[in-house]
Structure formats: structure tokens, C-alpha cells
Amino acid sequence: MTNLRTDLLHKTTTDLVRGYQGIVIEDLNVKGMVKNHHLARAISRQSWADFRRQLEYKSEMHGRDLVVANRFYPSTKTCSGCGAVKPVALSERVYKCPICGLTTDRDFNAAINLSRLRAGSSDVKPVEMEALASGCIAGETAVCEVGTELGQFCPSF
Ligand SMILES: [Zn+2]
């Protein structure tokens, strides 16, 4: 299992770096997420640490723009259509904006918000797996988000 996980991590990070000039990942509180029983199965703290470390050195090697979003950046709560921010429960898989009416997949919405961080240069750098799993890749920027769906996509994580 360790070899499979290591192999998967290397292939995934290599594909990301080869395929995209810009990569955005979230600096998530993985420790806190692992404490959550609902998320614990899907996330291994070590795997995510390795994932990020590999992206960092491979991006450096290949001259890619790796952006790591501040963990307090509200990627999920922000409407990618109008910029409104609202609370979103973990169980809400569809983002519905009460202001502009935008209705879209929760992770796709977050991925769009994160992809915009690459253009603006604030104190961010991030990466989200769900977006990749569902093919939600915005432009040339790959966005990887740690979330509950990852366990379904990559059981060995
Ligand atoms: Zn909106």
C-alpha cells in the first residue's frame, strides 16, 4: 500500500506540473480535518504533506507558478459569480448563491475562486484534487482541493 500510494502521489504531481503552468493549492488545516471522523478516512496527513512537498519541488524544477492559498481564504463560501460570501455546510454539495442565483457544484465553485488567485498576487500559494477528479479545470490553472470526495477518487489516500 505504501508503494502504491507513493507511486500515485508521484504520478499525480508529475502530471500536474507537466500539464499546467499554474497550480493553485489550499493551505488547509489537515490536522484538524483528520480529527473529524467523517473526514479521517479520506485524508492522510502524511499523504497531503508529501503531495504538497512534491508539487513544490517539481514546480520549482519546471518553472511553474505554484500558488498556495491562505487557509482562511473562503474558497468554498465565496460565490464565483458575484463575490458574495455565505456560510456553507459540509453536507451542501451544491453552491446556491442567494444574491445572484448562481447554482453550481460546490467544488467547481471553489476551484474557480482558487484559480483566480493565480492572477492576483496576494499572500497565497494552493492545489485541489476534487476538481481534477471531476475534470473541473479552469483554463491553464490546475486547482486541487482537499475534501471528502478525494477518498472516493483515491481510496489509498
Ligand atoms: Zn452570487
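The values are calculated or read from the model by the stated rules, or taken from the named source; none is laboratory data. Predicted model, so just to flag it, every value in this text is computed and none were measured. Counting neighbours? That spans all protein chains shown, and the Cβs are built from the backbone with ideal geometry, glycine included. The protein model used for the area step is the full one, side chains on, heavy atoms only, and it has no ligands, DNA or RNA in it. Shrake-Rupley method; radii C 1.70, N 1.55, O 1.52, S 1.80 Å.
Of all the residues in the stretch 24-69, those that are open to solvent by 40 Å² or more (accessible area, probe 1.4 Å), polar (S, T, N, Q) and either in a helix (DSSP H, G or I) or modelled with pLDDT of 85 or more (or both) number 1. Look at (1) open to solvent by 50 Å² or more (accessible area, probe 1.4 Å); (2) of a type in the set (S, T, Y); (3) away from the ligand (no atom under 16 Å from the Cβ) and you find that T103 fails only one, number (3). Here T148 clears all of (1) open to solvent by 20 Å² or more (accessible area, probe 1.4 Å); (2) modelled with pLDDT of 90 or more; (3) of a type in the set (S, T, Y); (4) farther than 16 Å from V24 by Cβ except the condition numbered (2).
Considering only residues in the stretch 78-91 that are open to solvent by 60 Å² or more (accessible area, probe 1.4 Å) and within 15 Å of the ligand (Cβ to nearest atom), the one that is farthest from R106 (Cα to Cα) turns out to be C82.
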